[in-house]
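In what follows, a single structure is set out as structure tokens and then discussed.
The values are calculated or read from the model by the stated rules, or taken from the named source; none is laboratory data. Source: prediction; values computed, not measured. A quick note on method: Cβ atoms are made from the backbone with ideal geometry, for glycine too, and the neighbour counts reach across all protein chains shown.
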Amino acid sequence: MKKYIFLAVFSCFYISTTFAQLGVGLRFGYGASSTSQELVNGMKRTLGTNPTFGLMLNYDLDLHFSAGMEFNYMSLSESLDYDTNFYPGNAPGARVSATTTPKIGYLQIPVLGRVTFGEKKYKATLSFGPYFGIGMKGVWTNGPNAVGNGSYILMNKNYDNVKFEKGDFRKFDLGGIIGGGGQYQIGKSGVLFIEARIQLGFLDFYNKQTGDQIKGFTTKQNQYLKPNGSWRTANVCIGYFHTFKLPKKKTSSTAKKAGKQKR
């Protein structure tokens, strides 16, 4: 039984490599992002808009399905407006609203399956799969600033270089992507494409907070709550990739003889 399973897997792999081709290309686009952090006590959210660009590798398994890996740089951000009801009544500046804006740059590595539909030159595409993100750098405008003994926090400190794994944001991110678009064949080996994507993060992007930081984000029923929120992003990209046909495996002389005998 194990031999038959092995032969079946080997046959599928052999067939896929026989018709496979590798695509290498670039993609560039623009997107909007926010987090899933709860808005309480009159808080308001403004989406962050930032460019994204990267390198893509695409491995065609057959005429309609391919697997790909990308290396994208993406900035994610949002702005949260805290109104006058946020601060405790005895805090200095209690009648002053504040806007806090984190902006984090990630190296994202999606691993995607890709399905194509349509004619040879014009095709519709559907992409899906997970991504892994690594926080590279970031800034935090009007971040939390502990005052006095930490009984309250004002959002009025700028962090030019945010700290990962040290009280600010999580270093690593994980999520899922789904996208759709179209592509156009250029010549024999070029492909021009456009694609819209939605991606949802699975992990809380805030790192473990200190006691003072926990007090400084959201209030609900006069209680300070530790925030939590994962990234949510939508973007549209255009790009181009060039395909290279992989060499076919040579058929052994024994197999050739067997084929001739059958004829």
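Just a few scattered comments:
- The range 168-186: number of residues that are surrounded by fewer than 19 Cβ atoms within 10 Å (Cβ to Cβ), more than 12 Å from Ala124 (Cβ to Cβ) and aromatic (Phe, Trp, Tyr): 1
- Going through (1) among the polar types (S, T, N, Q); (2) modelled with pLDDT under 85; (3) not in a helix (DSSP H, G or I) one by one, Asn161 falls short only on (2).
- Residue selected from the range 164-180 under the condition outside any loop (DSSP other than H, G, I, E, B) and either among the polar types (S, T, N, Q) or modelled with pLDDT under 95 (or both), by the criterion farthest from the chain's Cα centre (by Cα): Phe164
- When Leu107 is tested against (1) at pLDDT 95 or above; (2) farther than 24 Å from Trp231 by Cβ, exactly one condition is not met: (2).
- Looking only at the range 21-75, and only at residues there that are among the acidic types (Asp, Glu) and closer than 25 Å to Leu203 by Cα, the one that is modelled with the highest pLDDT: Glu70
- The condition (being among the aliphatic types (A, V, I, L, M), at pLDDT 90 or above and over 17 Å from Glu70 (Cα atoms)) is satisfied by just one residue among Leu192, Leu203: Leu203.
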